[in-house]
Amino acid sequence: MSAGFRAGFVTILGRPNTGKSTLVNALVGSKVAIVTHHPQTTRTHLLGIVNRPEGQIVLVDTPGVHRGRGHLSREMLRSVRTGLEGRDLCLFMADITRKFGAEDQLALDLLREPGAPAFLLLNKVDLLPNAEAALPIIEEYKKRHEFAEVIPISALKGKNLDKLVKQIIAVLPEAAPFYPEGQATDQPEQFMIAECIREQAMLLTREEVPHTLAVRIERDEVKKQRIGQLRVLQAVIICERPGQKAILIGKSGEMIRQIGTAARQELEMQLDMRVFLELHVLVRDEWRNNPRAVAELDFRKGG
């Protein structure tokens, strides 16, 4: 570790669908958070680790802040609050193409609770007609909170991300790294496998099946074969309605095969080995409102 090395915890906060998980993946340099068009895809705070010669940034990606009902929504909000504890910096992320709304205000209210500096990240600037179009939006946010820095970015296109990393490291305390240099996340591997399957199911069913899905890993075994290792996985996709199950399975099982193929291909890239994946679908009525079911199916427990 070089002299003056800096390290700290940086929480990303904002309303749903502002691009928080896309930013985490871009800064880490590998996929540690799933990304879909559905709001509330992220359900628990997730660590992504950014390593640079001059410092280590431990990013905490939190669920999108929203007013939801049911036990799962309460657990997601609790996860946001947990993600804010002990942070050295907060990145308040907003979609520059959307007007300030009630969910933005709720996120700002959470930002004020613990006292720590905050950067305002205005994402998706690549969608603006020109740089001047951002100025009134910046002023709107600056009236609502005293931000240490305001940085327009594009998480998807990589715009201003190098500048962002330098400015984050500059405000972190001098400290030894919290994680080994090669580590990209703190999540258990089975959690990441389940999230990959959930991501593909959400992407392929689009609006037909909402974010009521969960995934539970039933079998995880590595078999040695002549041509290398084979990861054998069995997983259950859990939904809340028989109609959702029918959509997930599809006519003659076509949709579940598509989900399985897409998830297997993604997992083979992530795990760097051949994967055999078997999927089943289970209906569990109103699981999001059942505290026991939420504890079993989410939050680093395999789905």
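No value in this document is a laboratory result; all are computed from the given coordinates. All figures in this text were calculated on a predicted structure; none of them were measured in a lab. Ideal geometry is used to build each Cβ from the backbone, glycine not excepted, and the neighbour counts take in all protein chains shown.
Brief remarks on what is shown
- Compared with the direct C-alpha span, the chain from ALA246 to ARG206 gains 13.0 nm at full extension, assuming 0.36 nm per residue.
- Taking packing as the residue-averaged number of other Cβ atoms within 10 angstrom, the listed peptides 158-166, 127-135 run from highest to lowest as 158-166, 127-135.
- For the range 189-297: rounded, prolate or oblate by the Cα gyration tensor [a/c cutoff 1.5]: prolate
- Approximate spin-label separation SER30-MET269, in nm, with each point projected 7 Å along Cα-to-Cβ: 1.4
- For the peptides 276-282, 119-125, the ranking by mean Cβ contacts within 10 Å, running from highest to lowest, is 119-125, 276-282.
- Using a cut-off of 25 Å between Cα atoms, the listed pairs LYS99/LYS124; LYS20/LYS143; LYS99/LYS245; LYS223/LYS245 include LYS99/LYS245; LYS223/LYS245 as exceeding that distance.
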